[in-house]
Amino acid sequence: MRTPFVAGNWKMYNTVAEARHLVSEMVPGLQAIIGVEKVLCPPFTALLAVRALLEGSDIGLGAQDMHWEPSGAFTGEVSPPMLAELCQYVIIGHSERRTYFGETDETVNHKVHAAIAHGLTPIVCVGETLAENEAGRTSEIVSRQVRQGLYGLDLSSIGEGQGNTSLVIAYEPVWAIGTGRAATAEGANLVVSEVIRPALLEMFGEQVSQAVRVLYGGSVKASIAAVFFSQPDIDGALVGGASLKVSEFVPIVQAASR
Ligand code: PGA
C-alpha cells in the first residue's frame, strides 16, 4: 500500500509576504486531511518563512531545484546541504528546468544522487513533449528519462513517508503542463504501469518498483483530481497552478485521502 502524495509546485509565484498569506489560509484545511503526504514547494526565497508557518504541522516543505555540489563557485545556485537545513523534499528535472535552463538526464542524475545523499526526498519529473507524443515516442522518452535520471542509485535504504528519505516520480506530459489540457487518467496510468514501473523493476527490483510513489502532473484541478487518484498506478499529483489557490489545492489533497 503506497501512501498518497500531493505536492504543490508554486513555480516563480509569491513573495515572502504573499507566501505567508497563502500558507496561513491553507494550513487549517490541509491539516484536517489525514492519510496523505502533503508537500508545499515555494520559491527558495520563501522557504524559511513557510517553514516557520508549517512547524508542528504534518505538511512537508520542498524546494523546486538545486545544484548537486555541496558548495562551490556556482553563482546563483543553491546546494543540497543548504536545502537540507530548511526542507525535506526537492523537485528535480521539472520540464521547465529542462526546456528553459538546459537540464539534461545527466544533470538530473547528479541531482537525484545528491538529494538522496543529503537526506532529501527527490520528486523526479519525467514526461514527453507534444511533438514526441504525436510521433508515438512517449514510451521511449519516458523510459530513457527514468533510466538515465535514476542511473546508479542505491535505493536499498529508502523508505516511505515523512522522516524517511524516499523517492517520488512525477509523470508530467509537457503538453499538459499549464495548458488546461490534462492527459486522460487512463492514458497517464498506462504510462506509469507500462513504462515507469517496468523500468524501476528492471533497475531496482520488484520491491522498489511497487514502493515508489508515482504522481501525475499537468493541469490537475479539483474537478478532475479524483479520476486520476482512482487509477491503480497513480499515487497522487504534482500540482502547479491549482496549488496557488486554497479552494483548489485543499480539495485536490482531500481527493487523494483514502
Ligand atoms: P500545472 O503544472 O498544474 O500548472 O499544469 C504542473 C507542474 O508543472 O508541475
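Checking each residue in segment 200-220 for being small (Gly, Ala, Ser) and either in contact with a Pro (Cβ under 8 Å, 6 or more places away or on another chain) or under 26 Å from Gly240 (Cα atoms) (or both) picks out Ser209, Ala211, Gly217, Gly218, Ser219.
Could you grab me the full set of residues in segment 1-54 that are away from the ligand (no atom under 16 Å from the Cβ), among the charged types (D, E, K, R) and surrounded by 21 or more Cβ atoms within 10 Å (Cβ to Cβ)? Once the filter is applied, which keeps residues that are away from the ligand (no atom under 16 Å from the Cβ), among the charged types (D, E, K, R) and surrounded by 21 or more Cβ atoms within 10 Å (Cβ to Cβ), segment 1-54 yields only Glu37.
Look through segment 232-254, keep the residues that are in a strand (DSSP E or B) and within 22 Å of Gln210 (Cα to Cα), and return whichever of them is farthest from the ligand (Cβ to nearest atom). Talk me through it step by step, then tell me what you get.
Pass one, segment 232-254, residues in a strand (DSSP E or B): 236-239.
Next, from what is left, pick out any that are within 22 Å of Gln210 (Cα to Cα): 236-238.
On the way: Gly236: 12, Ala237: 8, Leu238: 4 Å.
Per the criteria, the residue is Gly236.
Report yes if Glu55 is out of contact with any strand residue (DSSP E or B) (no Cβ under 7 Å at 6 or more places or on another chain), among the acidic types (Asp, Glu) and farther than 22 Å from Gly163 by Cα, otherwise no. In short, no. Only residues that are assigned to a loop (DSSP other than H, G, I, E, B) and within 14 Å of the ligand (Cβ to nearest atom) were counted in segment 204-231, giving 4. Screening segment 151-192 for residues that are surrounded by 16 or more Cβ atoms within 10 Å (Cβ to Cβ) and β-branched (Val, Ile, Thr) and picking the one that is nearest to the ligand (Cβ to nearest atom) gives Ile177. In summary, Thr107 fulfils each of the numbered conditions (1) within 15 Å of the ligand (Cβ to nearest atom); (2) outside any loop (DSSP other than H, G, I, E, B); (3) closer than 22 Å to Gly152 by Cα with the single exception of condition (1). Close Cβ contacts (under 7 Å, 6 or more residues apart or on different chains) running from residues in segment 76-97 that are of a type in the set (D, E, K, R) to residues that are surrounded by fewer than 24 Cβ atoms within 10 Å (Cβ to Cβ) and part of a loop (DSSP other than H, G, I, E, B) comprise Glu77/His67; Arg97/Asp65; Arg97/Glu103.
For segment 193-219, which positions are in contact with a Leu (Cβ under 6 Å, 6 or more places away or on another chain) and surrounded by fewer than 22 Cβ atoms within 10 Å (Cβ to Cβ)? Break it down stepwise before answering.
Within segment 193-219, the subset in contact with a Leu (Cβ under 6 Å, 6 or more places away or on another chain) is 204, 208-209, 212, 215, 217.
Within segment 193-219, Phe204, Val208, Ser209 qualify.
Taken over segment 220-249, the criterion of being closer than 27 Å to Thr15 by Cα and surrounded by fewer than 21 Cβ atoms within 10 Å (Cβ to Cβ) is satisfied by Lys221, Ala222, Gly241, Ala242, Leu244, Lys245, Val246, Ser247, Glu248.
Looking across segment 162-188 at every residue that is among the hydroxyl-bearing types (Ser, Thr, Tyr), in a loop (DSSP other than H, G, I, E, B) and in contact with a strand residue (DSSP E or B) (Cβ under 7 Å, 6 or more places away or on another chain), the one that is modelled with the highest pLDDT is identified as Ser166.
The values are calculated or read from the model by the stated rules, or taken from the named source; none is laboratory data. Values in this document were obtained by computation on a predicted structure and should not be read as measured data. A quick note on method: Cβ atoms are made from the backbone with ideal geometry, for glycine too, and the neighbour counts reach across all protein chains shown.
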